[in-house]
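Report on the following structure.
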Amino acid sequence: MIDLFEHNRTAYENAVSMLKESGKAAVVHPTGTGKSFIGFKLAEDNPQAVVCWLSPSEYIFKTQIENL
């Protein structure tokens, strides 16, 4: 189970609300603040969903998975 830091939990809750309202959401946080964990949590909470994960490089994706 993914436990988010407070700033990411707030962003996650806002993103979930936006997704329910419009089907779209964006999280804009500085580099290194754990944005990927918001995406991981969203995937965890919606196991029936198909997730398309975009990353600028395979290396960055691998490091995100390692940090998970």
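The numbers here are math on the coordinates, done by the rules we state, and not lab data. Not measured: the values here are computed from a predicted model. Here Cβ is always computed from backbone atoms with ideal geometry, including for glycine, and neighbour counts include all displayed protein chains.
The local environment of Asn8, defined by Cβ-Cβ distances under 15 Å, has a net charge of -2 under the rule Lys, Arg +1 and Asp, Glu -1. Summing charges over all other residues whose Cβ lies under 13 Å from the Cβ of Lys20, with Lys and Arg as +1 and Asp and Glu as -1, gives -2.
How large is the translational diffusion coefficient of the chain in µm² per second when you combine the Kirkwood radius over alpha carbon pairs with Stokes-Einstein at 4 °C and 1.567 mPa s?
102 µm²/s
Helix 6-22 versus the longest principal axis of the chain: what angle, 0 to 90°, nearest 10, using Cα atoms? With rounding to tens, the tilt is 50 degrees.
As a length-normalised measure over Cα pairs under 8 Å and 6 or more apart, the relative contact order of the chain settles at 32 percent.
Angle of helix 35-45 to the longest C-alpha principal axis of the chain, folded into 0 to 90 degrees and rounded to 10: 60°.
Think of the chain as having a plus end and a minus end, set by charges on the Cβ of Lys, Arg, Asp and Glu; of Gly34, Asn67, Leu54, Leu54 sits farthest toward the positive end of this dipole.
Show that you can apply the helix-only estimate: for the chain, add -39,500 (n - 2.57) for every DSSP H stretch of four or more residues, divide by all residues, and state [θ] at 222 nm to the nearest 500.
On the way: 3 runs with 38 residues, N = 68.
Helix contribution divided over all residues of the chain: -17500 deg cm²/dmol.
Under a model in which nothing but the beta-carbon of Lys, Arg (+1) and Asp, Glu (-1) is charged, the chain shows a dipole of about 160 debye around its Cα centre.
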